[in-house]
Amino acid sequence: MMSDTPQPSTDSGNEVVRGSADDFAFLRVPGLGFCVGRGPFRELADEPGDGVDAFYAGDFQMTDPRPWKVPASFWVADDLTALAKHIGETLPEISWDSPGFRQWEGVFSKVSRDLSAGRYEKIVPAVVESGRVVSGDLDALVHRLPELPEEYWTYGYRVGSRGLVGATPERLFSLTGDELITMALAGTAPVERRAPFVNDPKQIREHEIVVRYLIDALDPLGEVVREKREVMSLGSIVHFRSALKVKLSESPGVDALVRRLHPTPALGVLPRNAENLELLGEMRDRLGVPKRFGAPFGVRVGGSFHGVVGIRHICWRGTHALLPAGCGVIAESECENEWKELAIKRESVKRLFGI
Ligand SMILES: C=C(O[C@H]1C=CC=C(C(=O)O)[C@@H]1O)C(=O)O
């Protein structure tokens, strides 16, 4: 489905058909279930017409010319048993190679200089842990997903020898009729630091930057209602989350809404101008961050759209696995603390998958 690998394809004008019946994609929508599609996928540049269920899978820089992927078959189920016979049985054992602190220090000092120079107010660099499969199958990670609590939007896909499996707590937005629901998710601490976290001015500012961005981005579309900032508990880590809702006076459509919101400063950079986005892109490339990390991933099902921010995942090509994690950096951030935050985010993913 995802177009970064050459796949057998048939091109007919503005659409391309890729992959095979072995390929799949899924997203669990709270209250609905697992939306699942099997390949081959018809890839389209624009949102398909009414009545067509489809996945949206872009890359972080929004360079995929056809982010809409219409599966050959689509269904909604309580679990992923229908995929079970197409994926490996044994959870993988992976030999991981941690990212180096030196490299992070270099990135952090460049970011600190840019912040002092007023080039941006917040940016989200990322580092990547790289692994090799020792035994088992990477796609068997899928078996863990139905057990995870509903705070996680579990998602993934497999296309040939590439794939991704994740459990993100971050909704980009849902659109049902004229109601848009989104959230600011930023600010992180290990669960043992929950008490000081709640009143930590640095964490609150880091979070409120994202809230402010979302309100500014959505305000032209209708009245924005923001709920109170709350602590989201995810086992070993906690985040700040603020829910936001808008009754759209007119809907610009899913494609325009994705472009309006992504990347929020929970994954991107503020101000979100072309120059800063390019700089973030270069930083990510230098650090080997996969193009799909932090990208919008969604499903259009029964006329509603649900999109998430593609974080907390493991992606792979063959037997090579990657586990990326990012963290918001603002003027008050400290290099060692952010380094620890990157580690606890990666650890939380490993724990979720039991690896
Ligand atoms: C970028 C990530 O997390 C985002 C979501 C929650 C909290 C975040 C933070 O505190 O920096 C990040 O914005 C990641 O998990 O890789």
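The values are calculated or read from the model by the stated rules, or taken from the named source; none is laboratory data. Source: prediction; values computed, not measured. In this analysis, Cβ positions are derived from the backbone assuming ideal geometry, glycine residues included, and neighbour counts consider all displayed protein chains. Each accessible area value is taken on the protein alone, full model and side chains, heavy atoms only, with ligands, DNA and RNA left out. Shrake-Rupley method; radii C 1.70, N 1.55, O 1.52, S 1.80 Å.
Key figures
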read-out	value
Spans of strands (runs of 3 or more DSSP E) in segment 1-106 with at least 1 residues modelled with pLDDT under 95	9-12, 15-18
Number of the condition not met by Asp200 [criteria: (1) over 26 Å from Arg272 (Cα atoms); (2) open to solvent by less than 60 Å² (accessible area, probe 1.4 Å)]	(1)
Matching residues, segment 53-87, being more than 21 Å from Pro290 (Cβ to Cβ) and out of contact with any strand residue (DSSP E or B) (no Cβ under 9 Å at 6 or more places or on another chain)	Thr81, Ala84, Lys85
Single condition Arg351 does not satisfy, out of (1) surrounded by fewer than 23 Cβ atoms within 10 Å (Cβ to Cβ); (2) closer than 19 Å to Ser109 by Cβ	(2)
Residues of segment 74-87 that turn out to be within 24 Å of Gly354 (Cα to Cα) and touching a Gly at 6+ places or on another chain (Cβ under 7 Å), as a count	2
Lone unmet requirement of (1) under 22 Å from Gln203 (Cα atoms); (2) open to solvent by less than 10 Å² (accessible area, probe 1.4 Å); (3) in contact with a helix residue (DSSP H, G or I) (Cβ under 7 Å, 6 or more places away or on another chain) for Ala321	(1)
Residues (open to solvent by 50 Å² or more (accessible area, probe 1.4 Å) and either touching a residue at least 12 places away in the same chain (Cβ under 8 Å) or touching a helix residue (DSSP H, G or I) at 6+ places or on another chain (Cβ under 9 Å) (or both)) located in segment 209-219	Ile215
Matching strands (runs of 3 or more DSSP E) fully within segment 242-355 where at least 3 residues are under 17 Å from the mean Cα position of the chain (by Cα) and more than 13 Å from the ligand (Cβ to nearest atom)	296-301, 304-309
Tally, over segment 129-168, of residues that are open to solvent by less than 20 Å² (accessible area, probe 1.4 Å) and either touching a Cys at 6+ places or on another chain (Cβ under 7 Å) or farther than 23 Å from Gly31 by Cβ (or both)	8
